[in-house]
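Have a look at the structure below before the remarks.
The values are calculated or read from the model by the stated rules, or taken from the named source; none is laboratory data. Since the structure is predicted, the reported quantities are computational estimates derived from the model, not experimental observations. With ideal geometry, Cβ positions are generated from the backbone for all residues, glycine too; neighbour counts draw on all protein chains shown.
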Amino acid sequence: MFDFEDPLMDKEKCLISIGNLPVFVDPAQPPQKRAPFSAILGHAFNHKVELIIPRHVHEAAWISILGEIKPHQYARAIFPLSGLLEGEFFTKYIKIGNVLMISEGRSGIDNVYTLKDGVLTLELDKSTYERAGLVGKAIRSGDRKHIKSRYMVEINLRPSSMLHGKKGFERISWAFKNVLNNSVTWLFTDLSEPPSLTDEADAPIKKYHPQIITLSPAEIMMEKVLVPPFGSESLLPTEDRDALCGTCDELQEWLGLASLGSDRILASDSIDPYLSRYQVPQKDKCKTTDLVKITWRGLIPSSWVMMLLLSVLRKCGSKSTSAGHWFGLLVSAMGKDAVDGKDGYSVMALPFTSAKREGENVDYKDEEPSPRRKYICWEYVGGNVASF
């Protein structure tokens with residue numbers, strides 16, 4: 001017997017980035033090539049965002065953070081693919097506007113469609129792909145390695161050649177009306193300013209009688225939690241790579257348990273070590289703190305997550321070296337790939353520390369070192385996909 005299974009199927013990866021956050025970030029032009037901002041921009045479709053902050057920081061800054069975050073709405077509607085190419089919907093949302101859409105289904109199993117920046121992506125099974133007559137490429141699907149069973153078709157709908165009456169466009173329209181003609185449930189959000197979901201009574205999406213959903217935060221209080229010494233300059237042993245990786249793994253595990261509301265990180269936890277041997281990192285230096293977990297669920301675009309991060313950085317970014325000025329941001333992505341998909345990321349912003357910047361003259365001892373704020377970013381690749 002020969003083993004034709006894809007060996008990469010069993011490999012889930014966690015990419016870790018550590019560095020200093022910039023002193024100032026322009027909300028209109030955030031960095032695009034450096035973490036953690038690149039991680040946010042690299043995940044367009046998200047279904048859950050969690051913010052974990054100390055209770056005293058929540059009490060001091062949360063109202064002002066809410067004042068800066070714009071309310072976000074998305075819609076759930078049912079219509080076929082051909083609806084994307086019809087009249088005002090095609091002109092207003094795809095040609096001129098900027099919408100984000102994802103259909104129901106599970107990547108690697110069902111036919112799944114997404115629309116981002118005017119590019120329509122179709123993930124199709126082999127029989128549907130052959131009947132549709134569209135040009136695409138074979139993709140990995142978790143099936144046997146040498147069998148091509150799934151295909152991806154990418155169509156940019158914004159060029160001037162994509163108009164009714166053009167040969168290439170009519171071919172796409174025919175495939176949507178005769179092969180890919182089943183009505184599917186879509187999640188839809190308008191990223192333009194102002195959004196048309198509620199501001200316009202005659203918005204094109206209204207013809208499909210959408211269910212309008214507004215993101216609303218759910219808060220959970222966690223009392224007497226053992227919190228690692230995030231304010232300690234020795235928390236991250238940068239001289240020892242193995243020790244640094246181990247510390248990052250421990251902090252990721254602690255952040256995950258905080259997200260779950262686990263009793264293992266409570267000061268009052270007294271579980272039998274036979275059942276669990278987990279210990280909070282650097283337990284002898286931990287402080288007991290009340291935490292608040294704030295959760296949003298729905299179709300959440302990367303632009304909204306970026307707005308949340310920048311607002312929290314500004315409002316919780318006091319240059320005080322107090323260990324209370326830290327926060328964790330956990331984002332779960334909607335899986336769009338059956339194999340090696342991007343499953344989400346976590347960002348932890350540590351408190352300010354007084355450290356000299358690279359290139360500063362160390363001879364001027366009378367000058368105060370510039371306050372810097374470190375971050376740790378974990379990106380998760382290759383795990384289970386999530387659909388709605």
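Applying the condition of being at positive phi and buried (at least 16 other Cβ atoms within 10 Å of the Cβ) to the range 103-130 and asking which residue is modelled with the lowest pLDDT yields G108. Summed over the range 187-202, residues that are at pLDDT below 75, surrounded by 14 or more Cβ atoms within 10 Å (Cβ to Cβ) and in a loop (DSSP other than H, G, I, E, B) total 2. Looking at D263, D290, just one residue is closer than 28 Å to A61 by Cβ, free of Cβ contacts under 8 Å to residues at least 12 places away in the same chain and not assigned by TED's automatic domain parsing to the domain that holds F79, and that residue is D263. Once the range 240-269 is narrowed to residues that are hydrophobic (A, V, I, L, M, F, W, C) and not in a helix (DSSP H, G or I), the residue that is farthest from T295 (Cα to Cα) is A267. Residues S276, S262, S302: which one is exposed (fewer than 14 other Cβ atoms within 10 Å of the Cβ) and either touching a Leu at 6+ places or on another chain (Cβ under 8 Å) or hydroxyl-bearing (S, T, Y) (or both)? Just one listed residue meets the conditions, S276. Looking only at the range 71-102, which residues are buried (at least 21 other Cβ atoms within 10 Å of the Cβ) and among the aromatic types (F, W, Y)? Y74, Y93, listed by residue number. Can you tell which of I220, I205 is at pLDDT 90 or above, part of a strand (DSSP E or B), in contact with a strand residue (DSSP E or B) (Cβ under 7 Å, 6 or more places away or on another chain) and of a type in the set (V, I, T)? Answer to the check: I220.
Of the strands (runs of 3 or more DSSP E) lying entirely inside the range 34-141, those containing at least 3 residues that are over 20 Å from the mean Cα position of the chain (by Cα) are 73-79, 119-125, 137-139.
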